[in-house]
Amino acid sequence: MKKNGSLIFSAALMMGVASQLLIATSAQALDKKPGWQTDAEAGVVLTTGNTQTNTISLKDATAYGWLPNNFIFSGNFLTASDHGIEQAYQWGLGLRYERDLSDRLGVFLGELLQSDKYQSIQQRYATDVGGKYTIENVNGLHWFVEGGYRFTRENYTYGSSNNINFIRLYHEIEKSWTKTFSAKWWVEYLPNLSHWAGYQFNTEVSISTVLTDIFSLKSAYLLRYYNTPPGAAEKTDTTFTTSLVAKF
């Protein structure tokens, strides 16, 4: 039964960890239109008896647009425990300003604050500035790229800190195959200007099925790679998740 409990906890934890996607990336899922809109996710997994697990995951991206401007606030929180022993604790906040210069070209400025103590990150501050170019946005196909600069300061749980300069390259393509089914793939590459070996690479493939005007079901596979992680953290994290999404 202990083995089964470990498998159940691992599955629950994987569902929650997906909420720790890059905040900037999550915010981009919102359409640009005037007024308020929200994209929210919530997940709770509780088991008792032979297994005692507790996983809570919350995520939100709220945007306010007055074209051609767009402000996006995003946040996420994850906690997980197994038999009362904490296994994960992470949170993040983000604010991003976007301005369209034309139908295809835009600029953005963003600020991130993140924490993940089980990856030895006490606080991570990141400032993004760059441009966005839309390749295609017709017939259910949304395809764009971004390029820019990111300054990051990481404060580690073991007492030291590090300032890092990145170039940020981002690509996203989403296709609606029918009125109720769509697929998306994004990839992000962060070359490290301060230390070339310290690059990061992130990518995700997902599919979504619309259930109602508000709710949809999403399945996603996420890979995050940090070539020189802090402390004794692993270089690669992968997550497969299925989640319920509310958009209004």
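Values quoted throughout were computed directly from the atomic coordinates according to the rules given, and no laboratory measurement underlies them. All values reported here derive from a predicted model rather than from experimental measurement. No Cβ is skipped: glycine too gets one built from the backbone with ideal geometry, and neighbour counts run over all protein chains shown.
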- Task: Under 10 Å from the Cβ of ARG96, count the other residues' Cβ atoms, weight Lys and Arg +1, Asp and Glu -1, and hand me the total.
- Result: -3
- Additional length obtainable on full extension of the chain from PHE181 to LEU193, 0.36 nm per residue less Cα span: 0.3 nm
- What is the distance, in nm, between label points placed 7 Å from the Cα along the Cα-to-Cβ direction at TYR149 and at GLU234? 3.6 nm
- Would you give the gap between the C-alpha center of the range 222-248 and the C-alpha center of the range 94-155, rounded to a whole Å? 17 Å
- Task: Let me have the relative contact order for the range 94-148, percent, based on Cα pairs under 8 Å that are six or more residues apart.
- Result: 28 percent
- Query: How do PHE248, PHE108 rank when sorted from fewest to most other Cβ atoms within 10 Å of their own Cβ?
  - Reply: PHE248, PHE108
- Message: Please enumerate, by chain and number, the aspartates and glutamates with C-alpha under 15 Å from the C-alpha of LYS235, excluding those fewer than 8 residues away in the same chain.
- Response: ASP116
- In what sequence do THR53, THR38, THR212 fall when counting other Cβ within 10 Å, fewest first? THR212, THR38, THR53
